[in-house]
Amino acid sequence: MTNEKLSKKNWFIITLFCFMGGIAWNTENMYFNTFITNEIYADVSQAAILGSMEATTAVARMVALSAIAAVLTTFVMGALSDKLKNRKMFISVGYILWGMVTAMFGFISKENVAGLLNLTDEAKILGCTVWFVILMDIVMTFMGSTSNDAAFQAWVTDVTVPRQRAAVETVLSVVGTVSSFAVTGVGSFAQAGTITYKLFFGVLGLVVTLCGVLGLFLIKDPPRTLQIESSSNYWADLFYGFRPSVIKENARLYLSLVSFCVAIISFQVFYPYLLTYVQYVVIPDNGGVSNILRPSVIIVAVIVVALLLACIVTLLKMSATKKGVCLVLGVIVMTLGFFLMSTSTGIYVILVSLLPVVLGNALVNILFGAAVKDFIPEGKAGLFQGIRMIFTVLIPMVVGPVIGDMACRSAAQTIINEAGAEVIVPAKNMFLWAGVVCVFALIPLWFLIKKGFDIKGERKEKSENIA
């Protein structure tokens, strides 16, 4: 087992499906939020907002309900993919439908909803349109969680061994970041009104669907998937990870998930509101886009990126023998970055703050992601995907945006829309709240470090005893 190498074909599949999955997830997580503010709330009156909900509240509700859908889906479909021993069809067909649903988002508008439901009251039209967006987001999440969270993540676990997973998680993290940059690059045109959201959602949905079609020909279930020992009781499998005996036996897995959960909550305090914050706060406070793109700012940005890459590479090398130290550094550095980000909307402060924020987040995602995969018992990857989703999606995406909404509403920073109504937009104090949350990730991490990260010897000893 220790001499296994990941094939070039599997590396290609991991990279491709991570990138396309990132395209779909980042479209949902970043631009459905701006879609609500820029399209749905662009021309509504103050009375309509008072009669329904604020834009930041709509975003918080959408993110929370999407997270609930993601976790329930992963529980059901993760266990089902184990039961049927067929990750390939779950991944491929899921990606095909995922892209199709993404493309349909562009057809949601207040006019279409009003016509469909025969509504004339502006507050009801606004409220129903927001709920249409939320319901479609739930449908999209079902497709994405089935294909990506339940099946693809389990497939990656099945085709890798512990010594490969830090490298795989690094690639997944880097590719995920690249996909977010790609979505941001294209999405900025939709956000600025250069292209329509209908075209934006349509094009990105199409490429995700094409990826699913390719999966029908590329993906092959490994022997480890086909040899999964699943109990005959499907419903018992769904709740396997909740058994006290399972939790006790896999204490390090759950400590990793708890610490990871708190760190992700801190990120979700501001992440759903980030692009809106940039559009309505950062850019105006810095004199517009042209002023931000001046040479001195670009030079600082390049320096920050270079330092970031150097630091990530150095710390990942160190993490081979000192995972606990690197994780503690990641959490502390990310926390300091949040605090620094909360001090100013100035572009130079933001760029300098990005170094610790992105560095810490990269370390946290890569090392915790690898640790979680390592601590999942052999042959039970599908059974634990739902548990993983509770800690990495459900709790963070329910709790984080609510805290962020509270931070934004307490700051009461507003813009005036086309109808002359005040719409609350994100404020820099959300980063302060994120930093406070992030500190608490150190508590379960301390207990995890005491238990240790190395499981190779334990699994080897178990296999020898069985033999």
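Taken together, the values in this text are just the output of simple stated rules run on the coordinates, not laboratory data. Worth saying up front: this structure is predicted, and the values here are computed from it rather than measured. Using ideal geometry, Cβ is built from the backbone for each residue, glycine included, and neighbour counts are taken over all protein chains shown.
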Segment 9-448 - convex hull of the alpha-carbon atoms, volume per residue in Å³ | 138
For segment 1-154, rounded, prolate or oblate, judged on the Cα gyration tensor with a ≥ b ≥ c (square roots of eigenvalues), a/c < 1.5 rounded, else prolate if a/b > b/c?
-> prolate
If we count every other residue with Cβ under 10 angstrom of Ser66's Cβ, Lys/Arg +1 and Asp/Glu -1, where does the sum land?
-> -1
Dipole magnitude of the chain about its Cα centre (Cβ charges: Lys, Arg +1; Asp, Glu -1), debye to nearest 20 = 1660
Inverting the mean 1/r over all pairs of different Cα atoms, compute the Kirkwood radius of segment 106-170 and quote it in Å.
-> 14.8
Cα-based helix-to-principal-axis angle, 162-192 vs the chain, degrees rounded to 10 | 10
Tally Lys and Arg at +1 and Asp and Glu at -1 over the other residues with C-beta under 13 Å from the C-beta of Met140: what net charge comes out?
-> -3
May I ask you to list the lysines whose Cα is less than 17 Å away from that of Lys198, ignoring any residue fewer than eight positions away on the same chain?
-> Lys110
Taking N as the number of residues in segment 269-391, the ratio of its alpha carbon radius of gyration to 2.2 N^0.38 Å works out to 1.29
Ordered by fewest other Cβ atoms within 10 Å, a rough proxy for footprinting exposure, Tyr95, Tyr31 read Tyr31, Tyr95
Report the Stokes-Einstein translational diffusion coefficient (µm² s⁻¹, integer) for segment 40-113, Rh taken as the Kirkwood radius over Cα pairs, at 10 °C with viscosity 1.306 mPa s.
-> 103
From the cross-link list Lys8/Lys83; Lys220/Lys248; Lys85/Lys323; Lys248/Lys380, the entries with a Cα-Cα span beyond 25 Å are Lys8/Lys83; Lys220/Lys248; Lys85/Lys323
With Ser92 itself left out, Lys, Arg at +1 and Asp, Glu at -1 over residues whose Cβ is under 12 Å from its Cβ give +2
